[in-house]
1. Kindly establish whether Ser344 is under 21 Å from Ser189 (Cα atoms), open to solvent by less than 10 Å² (accessible area, probe 1.4 Å) and modelled with pLDDT of 85 or more.
2. Are any residues in the stretch 379-388 over 16 Å from Pro265 (Cα atoms) and open to solvent by less than 10 Å² (accessible area, probe 1.4 Å), and if so, which ones?
3. Any residue in the stretch 114-132 that is farther than 15 Å from Leu218 by Cα sitting within a Cβ distance under 9 Å of a residue that is among the acidic types (Asp, Glu)? List the pairs, counting only those 6 or more apart or interchain.
4. So for the stretch 371-378 (the condition being free of Cβ contacts under 8 Å to residues at least 24 places away in the same chain, in a helix (DSSP H, G or I), among the hydrophobic types (A, V, I, L, M, F, W, C) and closer than 27 Å to Trp302 by Cβ), does at least one residue qualify?
5. Given the options Phe282, Phe296, Phe304, name the one that is at pLDDT below 90 and either assigned by the TED database to the domain that holds Val113 or open to solvent by 20 Å² or more (accessible area, probe 1.4 Å) (or both).
6. When you go through Ser344, Ser349, Ser369, Ser362 one by one, which is the residue that is more than 18 Å from Phe281 (Cβ to Cβ) and hydroxyl-bearing (Ser, Thr, Tyr)?
7. Out of all the residues in the stretch 61-85, which are of a type outside the set (A, V, I, L, M) and either surrounded by fewer than 22 Cβ atoms within 10 Å (Cβ to Cβ) or in the same structural domain as Trp309 (by the TED database) (or both)?
Amino acid sequence: MAVIQKHGKSSSPDLVCHKENVPPDKIGAPGCHKKRPESASSIFHRPVARIWTVVLLLGTCLLYCARVAMPICAVSMAEKFNWTKRESGMVLGSFFWGYCFTQVFGGYVSDRVGGEKVLLLSAAAWGSMTAFTPILAHLCSQPIFSMTLARFLMGLLQGVHYPSLASLCSQKVIESERGFLMSTVGSGSYLGTLVIGGVGSLMLDLYGWESVFYVSGLLSVLWAYCMWKYLLKGEGPIITLESLGNGGTQSKLNKRHWARLLKQPAVCAVIVTHLCTASTFFTLLSWLPTFFKDTFPDAKGWVFNVIPWLVAIPSSLFSGCLSDHLICQGFDTASVRKLMQFFSMGVSSVFTVLLCGNTTFSWAVAFVSATMGLTTFSHSGVSLNVQDLAPSCAGALFGIMNTCGAFSGVLMVYFSGYLIEATGSWASVFALITTVNLMGLFTFLAFAEARRVDIDSGRVRHHSIHI
């Protein structure tokens, strides 16, 4: 575990206000570390930022309602269409194949035309796709193929969400408020899983699996409409080739600079750690409902679909507040990031291992809740570390990280289904998750840093990079 070091606020490299060759209006008071985006006139003022935080929280909540609808309904759909565990794993895993392909593209486009436009267009598209999923399942003579294709398209459309958020945050929110926004919006994933786990389970029992897709899809389309109508004031979300070519300088790094950036040990550590975190989280997200159904067939679905995510929401908010508080108190940023990641991947693995043995339903819910709650600490660890390392291209770099995480998620979700069929035991899946978590944790503890690596140290006086 990393030792947290305390220092004066002005001693950390990433908190230094470089005054040389910086316009007077961009020089803060001594010790100031509220770095503003390149275009100060484009930032959100605090009241506007709070409104956007709530709207993006709701959007992320609906994103996960639509995403988790399939895992929630997987057991019922498998019974109706006679799917095996391996076929269910293929349908669930196909989402991540699509998710891989649009991560970098989403960050690239968002850096040039604005993350809010990409979020709006994608939400309207994946919301519509979710609502049409039951129709596709019933119309096609081979539902396994139509559902695999539908999940693949869902992955394509939802893949731009988080890179767009990272781009929007880096362009519109000052550095000292990004932690609160990202941790709050990040908790939307757990809120969405909680909502669809509770309400979706009830709808599944009362009205059938089709209703889960209809409701979550239509609400997502409604959210996109309200965002367009009231926040963007009805402005057309048009993305043209000219706007792509004339975008901001945030991500205009040539191949040489990208090659140098990706060779940095700290950047590689962030990518590997995020890969491990994302793959284990996606595996738990996809297979936990089936685990409880198989192991405790008489258990109420709303219990194990609600309680773990009910724990995860305050845990995510707490981790963000704790992280910001420690940094404000003068503790080393890199050590704080490592501490958060230790709880996320190290301590959570203890409770994952406990699931390998024979346990009662109550203890299983408790262990899963502890695992998911501690996993949320990564929002204040590796997820924020990418902005510490490369704020000038955080959107595109986050897209690369998420691409790697999604690709590994595809493999782990599918391989987990294979392990269950081959061994007949869920212990093999939980052992795999623990192993991957510990590999990522050791990598992060060994190589993670918090200093900027996206700029030449010899040119650190420049406020931004223009290539």
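The values are calculated or read from the model by the stated rules, or taken from the named source; none is laboratory data. Note that the structure is a prediction, hence the values are computed from the model and not measured. Heads up, the Cβs are rebuilt from the backbone with ideal geometry, glycines too, and the neighbour counts pull from every protein chain shown. All accessible areas refer to the heavy atoms of the entire protein, side chains included, with ligands and DNA or RNA removed. Shrake-Rupley method; radii C 1.70, N 1.55, O 1.52, S 1.80 Å.
1. Details: under 21 Å from Ser189 (Cα atoms): yes; open to solvent by less than 10 Å² (accessible area, probe 1.4 Å): yes; modelled with pLDDT of 85 or more: yes.
Considered against the rule, which asks whether it is under 21 Å from Ser189 (Cα atoms), open to solvent by less than 10 Å² (accessible area, probe 1.4 Å) and modelled with pLDDT of 85 or more, Ser344 comes out as yes.
2. Residues satisfying the conditions are Ser380, Gly381.
3. Sorted first by the residue in the stretch 114-132, then by its partner, the pairs are Lys117/Glu235.
4. So in the stretch 371-378, the residues free of Cβ contacts under 8 Å to residues at least 24 places away in the same chain come out as none.
No, because not a single residue in the stretch 371-378 is free of Cβ contacts under 8 Å to residues at least 24 places away in the same chain, in a helix (DSSP H, G or I), among the hydrophobic types (A, V, I, L, M, F, W, C) and closer than 27 Å to Trp302 by Cβ.
5. Phe296
6. Ser362
7. Correct list: Ser76, Glu79, Lys80, Phe81, Asn82, Trp83, Thr84, Lys85.
Yes/no per residue for (1) modelled with pLDDT of 90 or more; (2) surrounded by fewer than 24 Cβ atoms within 10 Å (Cβ to Cβ):
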position	(1), (2)
Leu374	yes, no
Ala390	no, no
Phe398	no, no
Ala406	no, no
Thr434	yes, yes
Met439	yes, yes
Arg451	no, yes
Asp456	no, yes
Arg459	no, yes
